[in-house]
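One structure below.
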Amino acid sequence: MIGTRFDVFMSLAGPDRTRVRDLVAAMRKAGLTVFYDEDMPEYHAITAEVEAALHHSTALVAYYSRDYTGRTACQYELTRAFLAGQREGDPTRRIMVINPHEGTDHLAPAELADKKFDRLTTTDLAAVVRRIKAKVNGLSGRIGDLPGPDPQQWHAYRVPGTPDFTGRYHELWKLHSGLTMHRFGLTHHTSSGGTCILTGLPGIGKSAVAAAYAWHFSAGHQGGVWWVSLAGSGTDPDSMIGTFVDGLRALPAFRTIRPAAPATEVIGAFADHVAGLAEPSLLVIDDIPGELTAELIHRFAVPSVGRRLRTVLITNRAVPDGPVRPIEIVAMSDEDAAELLRHYRDGAKLQRTALARRLGHHPVALSLAGRLLRDRAGLLDYAGLTQRIDRDAATIAPVTALLRDRIGTLDDNALGLLRVAVVGSDAALPASLVRRLLGGTAAEQAVEDLQRELVVTASSGGWQVHALVRDTVREHYPAPDWTTPAVEAAEAILDTAGPDQSEEALLVRHAAHLAARDDLPDQLTERLHRRALERYDPLGEAILALPHHRALARRFPDDPAILLAAARCMVATGGFEEAREHAERAGGDEGRRIVADALDALGRLAEAEPLWTAMMADPTPSAETELAYLRSRRLRGRHQEARRGLEALIPRLPFDQAQAAQLELARAEMETDAQVAARRRAAAVVTAYADRGLSDHVTAVEAIRMLADARLTLALTDLKADEAGWQEAARELQGLRDRHAETHGPRNSLTLTLAVAHGESLTALGRPAEAREAIEAVYADVLDRLGPEHPTALRADLVLGYAAAQFHEFEAARNHFTRAFEGLRDVLGPTHPHTLRAEFNLAVALKMLGDPAAQPHFNQVARHTAGAVGIKTDLFWQSIIGAGLQVLPSWLWRKLANPPKPRKDG
């Protein structure tokens, strides 16, 4: 029969055989060739005959009963057909499901429950067969003939896939459904999409399930797999985010675009990179040590990527109720556990099952036992190993006994590496550190022994020691003096330079962990802190650097350089009071400046003012001091003083400082209703960096974000006075948009921001058709990448509203202005200037429609505008005029809400 071609492969569980015979007979009567295994036993394994039949079948019909769910062979067959269809673009293309039950909760994956099944209990058998035949007639080729997916990109410092992975289809389907069920609202109700949490006991197989899914379901994420481990991180949210970012920096595919900037900038660059890929990607964040709060889940999921990213979070901790329902990975089933043992050494099914149960179906214990049985074939059988475990009265957990036996065979070098793993962080031992500790030949032999005994897992940058192994070493093979291996590890780390970013990141995680010990010599601890800062300070990772700055400041309380470095780090992390205390002790110009800045940030302006006055009394204050002082003037509402001072200071500054000062001047201009000048200034900063090939510079990124700020509004008086200025701005914005799209991709968040700003400039020039076309071309990507409440998305709605109004499409204008107003109100509050301007536009649109709801909006704007933006602004006087009108004639629209008279669009 091997090699015979079939139209249909009938997949079913053994107990369902009698209920399927009539269906098989009807299909054959209809002229379909059907593979149907009449003699299969319950819990049967996949035979060569079954494998060949599946390979040569056109489609699979699954009798998906509740018995089917728990059968490994059934799930294997279903998975093969599903993955074949996935490679063709539709996972269910070659599958038809017969569901004999009323419910659908047992159907997995989610795609199968989305109205892609028949119920024989309520559906005519002949109709079902007709649908099966029609499906088969619409297919070409066979399940096994389809080419595999293109080679997958694994951006990870671990071996792709899981070579020894066996079974666990139920967990794989749950993971797949969890990542995709938000697309199937008819049968699955979920408030989250594209993110899953895997939780469970250490060693239970969470990472293996994620890796197997990433490998076997690769057709669904051809953009690649991004895998970051947080092993060695602190448990607080900021430390975990910092470690995540540090892991992203180390990935090879990400290095070329990695900005030396804070965490938010790195995550943003990662989001832009993934969003610009042609296919979706999968992000796996492993070894999460702390509590997964709703906010942390949101940040890890990198929502700004949009629909191009699915995220798997892995933790040993219980997960509280939140936006993402966790998937608990438990011990393997009887069938899967017995099958895993069979891969190592065959044996009677009953004996394999008995041993699996004695081992608690724990994957690590099963693998260790299987390896032991394979290595001692002829000396130890299944029954003998089960009896040995039962005889060990001291054994509480069989996995501990097996690990103890394996570790007991190691020599001193290999055991020494395990002890280093115990005193170090949870991160992998980098290869460079292992070589430094043992030397080349001894290191190779030790690692070979550790891998042979299954107590370390290879990764591209080193070797991961499992938590269960570390616990076993602590309990059964403790060092005579744990300080000794800690000192040896610390000295080796300090004498080792990581050959690449990945190993350097691992070395620093171990250095940071060892620096927190209280049994190391002070001088050694100091060097470990400095080693950590050598990595974290240049990368702007203030959260990860902070504990090391604090420790050095405690050790050297009178060293100004150390105190100032600590104060700068504290300011970067928002610890203004702590920064003030350290800067006061440091003294000097920079110390006084940090103190004054910190007091301003704390809202203690009166305390800061004498410090600013004293610093500016110096006849030659530094440029840094002048810039900080002028910023303080803006914060106090003294905008004209700030503007005059900045205009005089900028020509004297070097390039980077001058661009930062230009942005400070733009902020002052925005707050004095000079939006056109502010927009042009921000665009000039972007252009200056783009001309130098530095579009990702932190100041350039900030300038682009300023262009999206809702305060950069269409200021109507300025428009009338400077149409030529807007024409120049439109050309600049279009050029920046096109250049950024070419270098960063059309879905890059900054490209989208520039596109919306360009669209707005077109409405200012009275070119509504072009403006609408420009915004509609990017609107879906703006919502997907940035979300509906992002300033750029709300700005896009305002631009569409302006364009609709210029065409006298006032219902459309009302709808766009409503979305913008409600979004700004929810994000910024009802009296914020941005919200008031959007509300004014909405009021005008409502007046044009004769809607009495306009009047309360005019009243609200008139009531709050004076306090929000002042009485010498367009918005204040527009709101006063609008509030006084009971009937608003259409000609007044241009006076109140429109840019200059539009030119005719072709």
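Structure notes:
- Residue within the stretch 30-47 that is part of a helix (DSSP H, G or I), free of Cβ contacts under 8 Å to residues at least 12 places away in the same chain and either surrounded by fewer than 22 Cβ atoms within 10 Å (Cβ to Cβ) or outside the structural domain of L139 (by TED's automatic domain parsing) (or both) present: no
- Taking the listed residues R474, R452, R509, the one that is surrounded by fewer than 19 Cβ atoms within 10 Å (Cβ to Cβ) and touching a residue at least 24 places away in the same chain (Cβ under 8 Å) is R474, with no other qualifying.
- Yes/no for A331 being small (G, A, S), part of a helix (DSSP H, G or I) and more than 30 Å from F270 (Cα to Cα): no
- When residues in the stretch 14-49 are screened for being modelled with pLDDT under 90 and among the polar types (S, T, N, Q), 2 of them pass.
- For the stretch 549-574, the set of residues classified as under 30 Å from G637 (Cβ atoms) and without any contact (Cβ under 8 Å) to a residue 24 or more places away in the chain consists of G574 only.
- Residue in the stretch 78-88 that is within 16 Å of D16 (Cβ to Cβ) and modelled with pLDDT of 85 or more present: yes
- Any hit, the stretch 326-345, residues being of a type in the set (K, R), closer than 30 Å to T751 by Cβ and not assigned by TED's automatic domain parsing to the domain that holds D67: no
- Which numbered condition D797 fails, given (1) of a type outside the set (A, V, I, L, M, F, W, C); (2) assigned to a helix (DSSP H, G or I); (3) closer than 25 Å to M670 by Cβ; (4) modelled with pLDDT under 90: (4)
- Residue ID - farthest from R299 (Cα to Cα), chosen from residues in the stretch 777-828 that are touching a residue at least 12 places away in the same chain (Cβ under 8 Å), surrounded by fewer than 24 Cβ atoms within 10 Å (Cβ to Cβ) and of a type in the set (D, E): E811
- Counting only helices (runs of 4 or more DSSP H) wholly contained in the stretch 460-579, the ones carrying 3 or more residues that are closer than 30 Å to L201 by Cβ occupy 467-476, 483-494, 501-515, 542-555.
- Only one entry in A505, A486, A515, A511 is hydrophobic (A, V, I, L, M, F, W, C) and at pLDDT below 95, namely A505.
- Residues within the stretch 443-502 that are in contact with a Pro (Cβ under 6 Å, 6 or more places away or on another chain) and within 14 Å of P430 (Cα to Cα), tallied: 2
- With respect to the conditions (1) surrounded by fewer than 21 Cβ atoms within 10 Å (Cβ to Cβ); (2) under 26 Å from L248 (Cα atoms), L350 lacks only one, and its number is (2).
- Qualifying residue in the stretch 829-848 (condition: in a helix (DSSP H, G or I), under 22 Å from G306 (Cα atoms) and either among the aliphatic types (A, V, I, L, M) or touching a residue at least 60 places away in the same chain (Cβ under 8 Å) (or both)): no
- Q464 vs. criteria buried (at least 21 other Cβ atoms within 10 Å of the Cβ), outside the structural domain of I204 (by TED's automatic domain parsing) and among the polar types (S, T, N, Q): yes
- Check on G540, at positive phi and loosely packed, with under 14 Cβ neighbours inside 10 Å: no
- Test: residue in the stretch 112-132 that is in contact with a Pro (Cβ under 7 Å, 6 or more places away or on another chain) and modelled with pLDDT of 75 or more: no
- Qualifying residues in the stretch 409-435 (those that are more than 21 Å from P202 (Cα to Cα), outside any helix (DSSP H, G or I) and in contact (Cβ under 8 Å) with a residue 40 or more places away in the chain) - the one nearest to the chain's Cα centre (by Cα): P430
- When the stretch 640-696 is limited to residues that are of a type in the set (V, I, T) and more than 25 Å from L762 (Cβ to Cβ), the one that is surrounded by the most Cβ atoms within 10 Å (Cβ to Cβ) turns out to be T672.
- T58, sole failed condition from (1) buried (at least 17 other Cβ atoms within 10 Å of the Cβ); (2) among the polar types (S, T, N, Q); (3) at pLDDT below 85: (3)
- Within the stretch 667-700, the residues that satisfy the criterion of being β-branched (V, I, T) and closer than 19 Å to G759 by Cα are V676, V686, T687.
- Any hit, the stretch 582-599, residues being closer than 17 Å to R634 by Cβ, crowded, with 16+ Cβ neighbours inside 10 Å and charged (D, E, K, R): yes
- Members of the stretch 175-222 that are aromatic (F, W, Y) and modelled with pLDDT of 80 or more: Y213, W215, F217
- You will find that of A443, A393, A383, A458, the residue that is among the aliphatic types (A, V, I, L, M) and modelled with pLDDT of 90 or more is A443 and no other.
- Filtered by the rule that a residue be assigned to a helix (DSSP H, G or I) and modelled with pLDDT of 85 or more, the stretch 229-266 gives P237, D238, S239, M240, I241, G242, T243, F244, V245, D246, G247, L248.
- Matching residues, the stretch 548-590, being basic (K, R) and over 21 Å from R517 (Cβ atoms): R568, R580, R585
The values are calculated or read from the model by the stated rules, or taken from the named source; none is laboratory data. This one's a predicted model, so the numbers in the text were calculated from it and none came from an experiment. Neighbour counts are summed over all protein chains in view; Cβ atoms, including those assigned to glycine, are modelled from backbone coordinates with ideal geometry.
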